[in-house]
Amino acid sequence: MESNSQIGTYNKKGQKIVDPDYLFYEAPREHFFMTGSEVVREAIRRASVDVSISYPITPQSEAAAMVGDLWVEGYVGEYFRGENEFAVMGECAGASFGGARVFTTTSGPGTLRAYENFPMWVGSRLPIMLNMMVRGVNSPLSIQPDTLEIGLIIDTGMLIWHAESAQDFFDYLLKGFIVAEQPDVHLPIAVCIDGFFVSHTKDDVLIPSADLALPTYNPYKNPMPVMDMEVPPVRMMRDPFVMKSNYISYATQASWQQETRAACERSRKHTIRLLGGLIEEENTDEEILIVSSGTAVAQGREAARLLAEEGIKIGIVKIKTIRPFPYEEVRQATKNAKIIFVPEFNVAGWMAREIKAAIPDNQRVVEGPHVAGGMTMPPEVIVEEIKRVLAQRKETTTHV
Amino acid sequence: MSKEKIKINTEFYDIMPVEYQELVEEGTYGKEGRGWKDVGESKELIEEHSLCAGCPESIAFRYVLACLPNPEDTIMVGSTGCTSLVFPHVAVHNIHSLFGNQNAVASGLKRALSYRFPDKVKDVVVLAGDGATVDIGLDMTLQSWFRQEKFTTICFDNELYANTGGQSSGLMQKGFVAKMAPAGKKFEKVNLPEIAKVSGCHYVAKMTVSKPNRVEKAIRQAILIAREIGPTYIQLYTPCILEIGKQMMEGLQEMRDSEGPNKRFEFEEYISEEAKAYLKTVAPKKKKRKEISA
Amino acid sequence: MRKRVNLRMSGLGGQGVVTSAHVLATAASKEGKFAISNPFFGAEKRMAPAESYVRMGDEKIFDRGELVYPDVIMVFHPQVITMGKCYTMPFYEGIKSGGLLIINSDEPLPLGKDDIEFLEKQNIPIFYVKATTLAVEIAGTELATNMGMLGALMGATKIVGMEAMEAAIIDRFGKKYVASGGTATLDEAIKKKFAKKEQLLKKNMETINRVYEIGAEWAESIKSPMLV
Amino acid sequence: MYAVAEVVDEACVAKKGCRLCIMYCPEANTILFNKENQVAEVVEQRCKGCELCVVVCSSAKHNAIRLVHR
């Protein structure tokens, strides 16, 4: 991937530092059957993380605690429990400003409590890895899976990836560091999974040896000065942008926001290479498609199987990156579709909105089925919804 | 960072701002025994800023910057408020992230720097207003002390929210009529120095900035103790002359009026036993500061 | 065996329904089958309803989460039925025709007339097994109830082999395992009960083996197509 | 029209070690000590005219600084 003097050397734990590409594509992998929380532990074990800060909230608590074990074992440089999520994200920011590779996890109400930090991370170009194990955020209290949370962070400017399975989860965590830390990207990344559906579910995952690790983060590739008094300029600005009512300060703010958005777009080329594209297509020449992300795709795949048994063929489009959103890819993949179903685990239907905004003739999009508040979405429910809509459309066509 | 690192390539010298050139030529990075007496005869590590004419906070800023024992390896963390208008003009690396999370940011920063530079002294200093320290950020202020994070917290206490136009704050005096306390503030000025003592701070000082010698000694002790022992806290009265209805030349008098016996800002200092013992070990070596930080 | 078998385990917090689901799925995985297991997503509390799910089969499984249409339902405690301590009402809701019910009870439970009619109509046999009684008898602790239930399932359906099960048990109890609060506490209780880890593994396997025989005998006696 | 401070060189006692105006000026790098002439001097373009230097100088009875309009 890049020439790096660390490659081939050994870290304090005796892990061999290898080229990321070797770790991702060439190193032999062994089969494990483990929960999503354990997947976090195994990914972070190989990620050369300098600092991790945790706070308990279901369903991410187990993963966050296991990262603490890694710290005791010496795989993670520094670790502690912060006082609340707003503070934790501030502590992560501090560590990242100080040049550390930083990892943390959060869920649901914790994510919203921490929210103020995310656009700040983006504006400060801090490539922090945030693992979001999403769950319900509204009252009455719910600790159940619900993806509304992702819809709420969509426009913070972070890279947002959504993993479907334990395997995705492992790979996205490691690859996410690499993409987020590219000098032309250098942004925080949220690797999202559906809480419980992935975090607490035992699933198959192929993992390379624990004797291998990613190269450490090189903070001096940061497009912004690292806050360590090791590099000039020590004086960041001649005049502060803040609260100065003049055109230049507005323009500076605006162009910086555009630049961080552009940096997010620039992540495409790295992500396409590492994830094999921003979307994954299956039978997209069919007229009926399911397009979604995360567990909704997994359920969609099962629904496709059930429908195939009845002779109804449907295709699947899995969206891997919510930001940057794969507009062109989705347009291409759906160009033959007559009906596009967007199953979602939230009440808002943010994914359907994104897709509708991306494609022509968006009356083709059927928003749903939706479940929320932790409700499960059995494949049978998706099948029923697809059949209902198909019957309705047929009826409408007949009447016309 | 040594002064070497900020030296300007001769080819670019003429296009660099004059303030930067002065900083390279006359800045006090690495100077032994630096203190407020350097001002007027060297380039200060703070540049022209946009605070009000006569603002005592500006005086405090000058003293703090002049008295940092190790500015070449000091990183400051600020918060939102009047102080955030000054930090862009400060010649040490400094972070503004959000309002109230300054002690959280400093915790992460200090730990990252200790991990990355195990053999180097990297001082972290938080400098924020009273709203940031005591109201919105109190949780993180206290928790960083509970966790014994090794950095210094300096609170510029002007007893109100100055930058937003004079609203009441937790450090405002009881009975003071201000925006958002239209019938007078209902509860006592929060006694953060006392809270700091029981929350694990090893050095606590409360004063005005009317006496630069005293400020210098406090800053120096607080930073040295934080480096070796644990958290330290300094509360400085920096009245907002604008919001308390004073003329721009009256700030100094206001401070002097507030520091007499039994007044709100009567000088108070607390040093933990552990910190006292430590100070004894560094006192004779004061002139060999370089060795300590090496 | 069916191409895909979905199992729902209903019990009370502390009985090990989550552990047994994970162990069963791990065993299936070790046999080269595809499997996915997960608990019901709640804040499980001691003696409050608890549920977990296992899906296993010959092709890759995507489906996850709460299992609505099970082939097999295992009831770990009579109160799931008698006191309605269950997330699903009635407790057999969603069960597929030709499925199987395994209930931990020393004697048959007084099911309602409608329930009995439904289960008969759907061709669903009920296997009552004294899992807790046997666990106390063999392992000396009711905490081995879940092992008894696994033995009953294996004996009745041959869903996974004994070798894979043993490997899964070693996976779970033989090394450091990170569990959430309540489970971790119970793990400690079990560890204290047995002086050595080997003893714990041995007693677990003994319980499974003994109840397996009972399950196999029962299956022999009823000859249901599901069980072949 | 802006008011800025101006040092009356003849009256300034900086050569005797006085640093009152330099010390209490709220602005950085604004009142400097001129080593050559041994007096305080004001960098006019930085001065905001707050008059604090005048206050401290006159209360010490040196009366070496006054405000002038530029």
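The values are calculated or read from the model by the stated rules, or taken from the named source; none is laboratory data. Just so you know, these numbers come straight off a predicted model, no measurement behind them. Ideal geometry is used to build each Cβ from the backbone, glycine not excepted, and the neighbour counts take in all protein chains shown. SASA here: full protein model, heavy atoms, side chains in, ligands and nucleic acids out. Shrake-Rupley method; radii C 1.70, N 1.55, O 1.52, S 1.80 Å.
Details
- Entry remark, the range C:137-153: residues being surrounded by fewer than 23 Cβ atoms within 10 Å (Cβ to Cβ) and either more than 15 Å from the chain's Cα centre (by Cα) or more than 21 Å from C:A50 (Cβ to Cβ) (or both) number 4 in total.
- A:A262 meets all of the listed conditions (1) small (G, A, S); (2) crowded, with 20+ Cβ neighbours inside 10 Å; (3) part of a helix (DSSP H, G or I) but one, namely (2).
- The criterion of at least 3 residues that are touching a Phe, Trp or Tyr at 6+ places or on another chain (Cβ under 9 Å) and surrounded by fewer than 17 Cβ atoms within 10 Å (Cβ to Cβ) is met by none of the strands (runs of 3 or more DSSP E) wholly inside the range D:1-69.
- Residues in the range A:71-116 that are of a type in the set (G, A, S), more than 11 Å from chain B (Cβ to nearest Cβ) and more than 20 Å from B:R116 (Cβ to Cβ): A:S107, A:G108, A:G110.
- Pairs where the first residue, in the range B:233-245, is open to solvent by 10 Å² or more (accessible area, probe 1.4 Å) and the second is polar (S, T, N, Q) and modelled with pLDDT of 95 or more, C-beta under 8 Å, 6+ apart: B:C240/B:N158; B:E243/B:N158
- Scope the range B:248-265; condition without any contact (Cβ under 8 Å) to a residue 12 or more places away in the chain, open to solvent by 50 Å² or more (accessible area, probe 1.4 Å) and part of a loop (DSSP other than H, G, I, E, B); matching residues: B:P261, B:N262, B:K263
- So B:R227, is it over 27 Å from D:C50 (Cα atoms), assigned to a helix (DSSP H, G or I), at pLDDT below 95 and within 21 Å of the chain's Cα centre (by Cα): no
- Sole residue being assigned to a loop (DSSP other than H, G, I, E, B), away from every other protein chain (no Cβ under 14 Å) and open to solvent by less than 40 Å² (accessible area, probe 1.4 Å), chosen from C:G84, C:G94, C:G65: C:G84
- Test: residue in the range C:16-33 that is away from chain A (no Cβ under 11 Å), open to solvent by 10 Å² or more (accessible area, probe 1.4 Å) and not in a loop (DSSP other than H, G, I, E, B): yes
- When the range A:227-249 is limited to residues that are within 8 Å of another protein chain (Cβ to nearest Cβ) and modelled with pLDDT of 70 or more, the one that is most open to solvent (accessible area, probe 1.4 Å) turns out to be A:P232.
- A:I340 open to solvent by less than 10 Å² (accessible area, probe 1.4 Å) and free of Cβ contacts under 8 Å to residues at least 40 places away in the same chain: no
- The set of residues in the range A:48-58 that are touching a Phe, Trp or Tyr at 6+ places or on another chain (Cβ under 8 Å) and either without any contact (Cβ under 8 Å) to a residue 40 or more places away in the chain or more than 7 Å from every other protein chain (Cβ to nearest Cβ) (or both) comprises A:S48, A:V49, A:S52, A:S54.
- Condition met for B:Y20 (facing another protein chain (nearest Cβ under 8 Å), part of a helix (DSSP H, G or I) and open to solvent by 20 Å² or more (accessible area, probe 1.4 Å)): yes
- Among residues of the range B:1-30 that are under 15 Å from A:M229 (Cβ atoms), those with a Cβ under 8 angstrom from a residue that is polar (S, T, N, Q) and not in a helix (DSSP H, G or I), sequence gap 6+ or separate chain, pair up as B:G27/B:S42; B:T28/B:S42; B:Y29/B:S2; B:G30/B:S2.
- When residues of the range B:98-113 are limited to those that are open to solvent by 10 Å² or more (accessible area, probe 1.4 Å) and within 8 Å of chain A (Cβ to nearest Cβ), the one farthest from B:P231 (Cα to Cα): B:L98
- For the residues B:S199, B:S168, B:S210, B:S144, the requirement of being over 17 Å from the mean Cα position of the chain (by Cα) and in contact (Cβ under 8 Å) with a residue 40 or more places away in the chain singles out B:S199.
Here is a yes/no grid of residues against (1) outside any helix (DSSP H, G or I); (2) out of contact with any Gly (no Cβ under 9 Å at 6 or more places or on another chain); (3) more than 14 Å from every other protein chain (Cβ to nearest Cβ):
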{"site": "A:A296", "(1), (2), (3)": "no, yes, no"}
{"site": "A:R301", "(1), (2), (3)": "no, yes, no"}
{"site": "A:A304", "(1), (2), (3)": "no, no, no"}
{"site": "A:A308", "(1), (2), (3)": "no, yes, no"}
{"site": "A:I312", "(1), (2), (3)": "yes, yes, yes"}
{"site": "A:K318", "(1), (2), (3)": "yes, no, no"}
{"site": "A:F325", "(1), (2), (3)": "yes, yes, yes"}
{"site": "A:E328", "(1), (2), (3)": "no, yes, yes"}
{"site": "A:Q332", "(1), (2), (3)": "no, yes, yes"}
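- Residue ID - farthest from B:W36 (Cα to Cα), chosen from residues in the range B:62-76 that are in contact with a Ser or Thr (Cβ under 8 Å, 6 or more places away or on another chain) and facing another protein chain (nearest Cβ under 8 Å): B:D73
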